[in-house]
Amino acid sequence: VKRPPEKKPEEAKAIPEAAVLKSPEEVLIERLKRGEKILIEGLVYEKDDFIPKGDLKPIITIGKFLKENPAISITIVGHASSDEKMAMVSMLRALHIAKVLYKHFNLEQGRVKVKGAGSSEPVDPKNPVKNRRIEVFISTQ
């Protein structure tokens, strides 16, 4: 009596890198390394206020990244909506995030540059809340 050949257990197949789910933190760092300007999701600014409400996890991720990569510097760009009365609010938003990074991660002076763009670069002219935002990118030396 001839037996059918035994089936070998399937060898573990390599999962393509693109199929591996990455955390939002990993995606944020990869995008920064590629030189992209990153919109910090989850921060919400009330009209004429520079202290964000919402999730600071992306800021913490950026702080850890900077601490682990001392040769890298970033620029933080604060944005405002056209309905805000305080002209300097976009700069204050960027300064506040820079202060959080310096204070909590003990970064060397000059590693975080700030810029206030005012309301000159709206992402959605009909939605002021979306225009009150922070963007971050790696600075070129």
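The values are calculated or read from the model by the stated rules, or taken from the named source; none is laboratory data. Predicted, not measured: the structure shown is a model, and the values here were computed from it. Heads up, the Cβs are rebuilt from the backbone with ideal geometry, glycines too, and the neighbour counts pull from every protein chain shown. To get the accessible areas, we keep the full protein, side chains included, count just its heavy atoms, and leave off ligands, DNA and RNA. Shrake-Rupley method; radii C 1.70, N 1.55, O 1.52, S 1.80 Å.
Odds and ends about this structure:
- Filtering the stretch 73-116 to residues that are surrounded by fewer than 17 Cβ atoms within 10 Å (Cβ to Cβ), out of contact with any Pro (no Cβ under 8 Å at 6 or more places or on another chain) and over 18 Å from GLU46 (Cβ atoms) leaves LYS99, TYR102, LYS103, HIS104, ASN106, GLN109, GLY110, LYS113, LYS115.
- Residues within the stretch 117-131 that are touching a strand residue (DSSP E or B) at 6+ places or on another chain (Cβ under 8 Å), open to solvent by less than 70 Å² (accessible area, probe 1.4 Å) and under 17 Å from LYS53 (Cβ atoms), tallied: 0
Listed here are the residues, each with its yes/no results for (1) among the basic types (Lys, Arg); (2) outside any helix (DSSP H, G or I).
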position: LEU21; (1), (2): no, yes
position: VAL27; (1), (2): no, no
position: ARG31; (1), (2): yes, no
position: ASP49; (1), (2): no, yes
position: LEU66; (1), (2): no, no
position: ALA71; (1), (2): no, yes
position: THR75; (1), (2): no, yes
position: ASP83; (1), (2): no, yes
position: ALA87; (1), (2): no, yes
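- One residue stands out in the stretch 30-45 among those that are free of Cβ contacts under 8 Å to residues at least 40 places away in the same chain and in contact with a strand residue (DSSP E or B) (Cβ under 8 Å, 6 or more places away or on another chain): the one that is nearest to LYS103 (Cα to Cα), namely GLY42.
- Within the stretch 18-29, the only residue that satisfies the criterion of being open to solvent by less than 70 Å² (accessible area, probe 1.4 Å), within 17 Å of GLU68 (Cα to Cα) and without any contact (Cβ under 8 Å) to a residue 24 or more places away in the chain is VAL27.
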